[in-house]
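Worksheet for the structure shown next.
The values are calculated or read from the model by the stated rules, or taken from the named source; none is laboratory data. Quantities reported herein were computed from a predicted structural model and do not represent experimental measurements. Using ideal geometry, Cβ is built from the backbone for each residue, glycine included, and neighbour counts are taken over all protein chains shown. Accessible surface is based on the protein model in full, side chains and every heavy atom, while ligands, DNA and RNA are left aside. Shrake-Rupley method; radii C 1.70, N 1.55, O 1.52, S 1.80 Å.
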Amino acid sequence: MARKQRSPEERSIDPASQQMLIRADELKLETAFHRADNMAACPIGADGMCCKLCGMGPCRLTKDGSTGICGATIDTIQARNFVRHVAAGAAAHSDHGRDMAFTLKAVANGETEGYVLRDIAKLRTVATKYDIAVEGRSPEEIANELADLCIAQFGQQRGTIVPIKRAPAKRQKLWEEQDLIPRGLDREVVEALHRTHIGDDQEVGHLLHHAVRTSLTDGWGGSLIATDISDILFGTPAPILGEANLGVLKDDMVNVVVHGHEPTLSEMIVAASQDPDIVAYAEAAGAKGVNLSGICCTANEVLMRQGVPAAGNFLQQELAILTGAVEAMVVDVQCIMQALVGLAENFHTKVITTSPKVKIKGATHIEFNEHKALTIAKNILREAIDNYKNRGEIEIPNIRESLVPGFSHEYINYMLGGSYRSSFRPLNDAVMSGRIRGIAAIVGCNNPRSPQDYLHTHVTKALLKQDVLVVETGCGAIASAKLGLLLGEAGLDQVGPGLREICETIGIPPVLHMGSCVDNTRILTVLTQIVEEGGLGDDIDQVPAVGLAPEWMSEKALTIATYCVASGAYVIFGGSSPFSGMEKVSDSDLMLKYMSEDWEELYGGKLEFIGDPDEMIKKTLEHIDKKRAALKLPEYDPTRFGQSGDDRMIAMETLSSTESLPLAEQQAALYGVPA
Ligand code: XCC
């Protein structure tokens, strides 16, 4: 029997996506939205009660007390599956960091083509944090030593990884006491695989302890390395004007969409697209030039540094191809759907894989290597330009929104404190006074099982009204961008009075775009700096802050959740728990108990899965208020704020309405005194 298909409006709240979903139906083509409707999730897998770790199974467990053929209980199976998810996510992010470290090393040795050490200040700051001497040394010497130190973290066998020292002192001590500090990045991932092999670790608490240690190799290891080195090589982000949504594709230019996660190739494609030879080559092909845009986190990387527009988030990768206007989709690693190649066969679009780690059957493979980066980037663009003549009928939704991304923690520090006294003091003060009730980090993916962008933006908008400052990364940030929430003026009438006052005073949007998924480490850095500034506790678990991933789907998201919990954060994920089976068949659900009660006791943070977005909002505010009360901060009261910002707005309106009057009368009107 054919399964019920959702309408485009039920599949996405984004009008550009809806338009492309209608086009897909007209062309009788499938997308992830269609496949999600056609295939219900496997119920046993969805409950986390399937074990396929050996050849005696797969074992499908459905009742309390049932076990796998080896005798493994449901709890053990769920914990083992969780450890493997976390290890995969940590491996993905950390491997990204490893490649960045190798690139830094090659740049320092002058072995690459097209790269420079762009942010020397950040290079010196990071090096100093790791006790690398900087005075009297050339940037190349410092970069060489920093690269060696970063590379060594991966293969280190004993001791503790160095980047962990970036966490608050109290948190480091807690990790040390609980034997949680990773010994080496690769070692923990390998041990996670070993421990979950048939016949190894089978105690839930012991397995989860290693899941937490493995997750720390990501947040306070590989991802931190990836973010730092990206900034050193391509510049630390600062606010820049950009655009988002499918309407950024151009009907008269060669459209090249970069998709995946790593900035190394995409940054070179940006440079190559401006090369006069490439522009002339595109013009000779009858186009006005090359128009670059991005999808997923590669989009975030080039958006926040170069202002390259984002064509969309995870669920728009297929929709971009459906426009018929994409000459090449150039992919690197992670979140790339295999379906792209089959879909592209209905159009002229070339899917070009570039990573030595990722090939897709039917795609064109042009392997990237940093030693010939610019040459390879130009070759890829020539391939796209050659394809322009094959373009057929196109339909580009005329929908795009402006945004201001690029809020690195360095920029937040600068914008709050100014050039001469960069500081988080004003932010801490605003939280302490209650102008800002608390902070929410809303991050993560799209998931075709829920309406695209709805949960992200519903939760974001509700929290802004409650004076919660929102920081975002990944596909969640692109969702808010498309809705206009990442603009200074736009949407300020929809935020609470205290937060509005802050946004107007500093001149920031109510939602701060902090980058890609590896850049969740920027959020950890902000939280650490808030703690170090003083007044909001001496560890991250005391800060009135919550992390949310309402539309998560990737294993990396579970890893991020786990390192955030281990760092002290309350984390709320959308949907139901991928380990919810026991809840259904038994009164005791050990996994859920561990992730909430036990983790809260151990780390001060916890992970919960909440399907209802209004419940997510309620729990977020309750947690923020609980943390405010524990810090003895004034109870949140929106009526106390909003006067100064609004007065200024009224003053400006008064000024413009009295512009034609003599100065004395203008002043009289402004200050409400007789002329
Ligand atoms: Fe992938 Fe980073 Fe998720 Fe988006 S948000 S779907 S992981 S691209 Ni990280």
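Things worth noting here:
- Model label zone, residue 177; criterion: amide N under 18 Å from point 7 Å along Cα-to-beta-carbon; scope the range 583-608: 598-606
- Qualifying GluC sites (Glu not before Pro) in the range 610-643, where qualification requires a DSSP coil assignment and no more than 14 other C-beta atoms within 10 Å, comprise 635.
- Rg/Rh, computed from the Cα trace of the range 71-194 with Rh as the Kirkwood radius, has the value 1.07.
- Whole-Å distance, taken between Cα centres, linking the range 397-476 and the range 27-76: 36 Å
- Cα convex hull of the range 526-622 - mean projected area over all directions, nm²: 6.6 nm²
- Note on residue 257: accessible area is roughly 0 Å² with a 1.4 Å probe, heavy atoms of protein only.
- Carbon/sulfur fraction of accessible area - the chain, other protein chains in place, 1.4 Å, %: 53 percent
- Restricting attention to the chain, close to 10% of DSSP beta bridges with both partner residues there are antiparallel.
- For the range 423-474, applying the loop criterion from DSSP together with a ceiling of 10 other beta carbons within 10 Å to the trypsin sites (Lys or Arg not before Pro) yields no site.
- Counted over the range 309-394 with a bin width of 5 Å, the fraction of Cα pairs per bin, in whole percents, is 3, 15, 25, 25, 21, 9, 2, 0.
- Among the trypsin sites (Lys or Arg not before Pro) found in the range 114-205, those both in a DSSP coil and sparsely packed, with 12 or fewer other Cβ atoms within 10 Å of their Cβ, are 158.
- Computed [θ] at 222 nm, deg cm²/dmol, the chain (DSSP H ≥ 4; -39,500 (n - 2.57); rounded to nearest 500): -14500 deg cm²/dmol
- Unit charges on C-beta of K, R, D, E only; dipole of the chain, Debye: 840 debye
- The mean accessible area for residues of the chain, using a 1.4 Å probe and ignoring ligands and nucleic acids, is 38 Å² per residue.
- Take the Kirkwood radius over Cα pairs of the range 52-129, plug it into Stokes-Einstein at 37 °C and 0.692 mPa s, and you get 196 µm²/s for translational diffusion.
- Protection proxy ranking of 370-378, 229-237, 338-346, by the mean of other Cβ atoms within 10 Å over each peptide's residues and highest first, is 229-237, 370-378, 338-346.
- For the range 220-294, with +1 on Lys and Arg beta carbons and -1 on Asp and Glu, the positive-most of 235, 221, 254 along the dipole: 254
- Taken about its Cα centre, the range 516-607 carries a charge dipole of roughly 340 debye when the Cβ of each Lys and Arg holds +1 and the Cβ of each Asp and Glu holds -1.
- Lys/Arg +1, Asp/Glu -1 at C-beta; the range 280-404 dipole; positive extreme among 324, 303, 384: 384
- Cut-off under 5 Å, modelled amide H: who pairs with residue 549 long-range: 443, 572, 573, 574
- Residue ranges 11-18, 559-566 sort as 559-566, 11-18 when ordered by packing (mean number of other C-beta atoms within 10 Å per residue, highest first).
- Convex hull volume of the Cα atoms of the range 453-606, normalised per residue: 119 Å³.
- The chain, relative contact order [Cα under 8 Å, separation at least 6], %: 15 percent
- Remark: the residue 203-residue 584 segment gains 135.0 nm on full extension, using 0.36 nm per residue and subtracting the alpha carbon distance.
- In plain terms, the chain from residue 251 to residue 6 could stretch by 85.2 nm, reckoned as 0.36 nm per residue minus the Cα-Cα distance.
- About the Cα centre, charge dipole magnitude for the range 322-471 (Lys/Arg +1, Asp/Glu -1 at Cβ), debye: 280 debye
- Overall dimensions of the range 215-333 by Cα: Rg and Dmax, Å: 14.9, 51
- For the chain, the Stokes-Einstein estimate of translational diffusion at 37 °C and a viscosity of 0.692 mPa s comes to 126 µm²/s, using the Kirkwood hydrodynamic radius over alpha-carbon pairs.
- Look at the dipole of the range 2-96 built from charges on Cβ: of 57, 41, 77, the Cα furthest out on the positive end belongs to 57.
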